[in-house]
1. Starting from one equal scatterer on each C-alpha and no solvent at all, send me the Debye-based log10 I(q)/I(0) for segment 60-107 at q = 0.24, 0.26 Å⁻¹, two decimals.
2. Accessible area per residue for the chain in Å², computed with a 1.4 Å probe and the full protein assembly in place, what is it?
3. Would you mind telling me the share, in percent, of accessible area of the chain contributed by carbon and sulfur at probe 1.4 angstrom?
4. Return one number: the angle in degrees, 0 to 90 and rounded to the nearest 10, between the long axis of the Cα atoms of helix 2-13 and the longest principal axis of the Cα atoms of the chain.
5. Using Cα atoms only, what is the angle between the long axis of helix 24-132 and the major principal axis of the chain, expressed in degrees (0 to 90) to the nearest 10?
6. For the chain, what is the mean residue ellipticity at 222 nm derived from helices alone (per DSSP H run of n ≥ 4: -39500 (n - 2.57); sum divided by total residues; nearest 500 deg cm²/dmol)?
7. Got a sec? Charge dipole of the chain, +1 on Cβ for Lys and Arg, -1 for Asp and Glu; which of I65, F45, I92 is way out at the positive end?
8. Count the lysine pairs in the chain that are 8 or more places apart or on different chains: how many have C-alpha atoms under 26 angstrom apart?
Amino acid sequence: MKLILISIIALLIFATPVFSELSVEDLEKIRSIVKESEDRLKGDFKASEDRLKEDLKASEGRVMIHVGDKFGEVDKRLNIIFGFVIGLISLIVVVVGIPQIIIAWRGKEDRTQKEQIQELRQEIEALKQHIASP
């Protein structure tokens, strides 16, 4: 049993892979395998990047359409609100303006009447003085 154990240990210790070294050809093969893997990964990354760019462009197009629709709706709503505001301003002008115009017109009539009354008073005073002085 000792003999078998010693022979197995000897075979393991003196096995050829233990003493082997990488040759230049082996290193070149490893380099070529690594380079092929690197090239394949670069290609995969490039393909992924291209797909991502296409997806982003498609998504951007959908977003622009959606945003354009939303801006159209907002524009319509603002136009309606603007119309309401103009209507309210017009209503306020009419409600406040017409009474002011009427008051101003009446005031003008009152002023002309006061002026006429004043002129008549002056004429009466002049006539009184004329009658009293002869």
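The values are calculated or read from the model by the stated rules, or taken from the named source; none is laboratory data. No experiment lies behind these values; they were computed from the predicted model shown. A quick note on method: Cβ atoms are made from the backbone with ideal geometry, for glycine too, and the neighbour counts reach across all protein chains shown. Keep in mind that these areas ignore ligands, DNA and RNA; they rest on the heavy atoms of the full protein, side chains included. Shrake-Rupley method; radii C 1.70, N 1.55, O 1.52, S 1.80 Å.
1. -0.82, -0.86
2. On the way: 13000 Å² over 134 residues.
Value for the chain: 97 Å² per residue.
3. Details: 8710 of 13000 Å².
The value for the chain is 67 percent carbon and sulfur by accessible area.
4. On a 0 to 90 degree scale, this one is about 50.
5. So the helix axis and the longest Cα principal axis differ by about 10 degrees.
6. On the way: 3 runs with 125 residues, N = 134.
The helix-only estimate for the chain comes to -34500 deg cm²/dmol at 222 nm.
7. I92
8. Lysine pairs satisfying the spacing and distance rule in the chain number 9.
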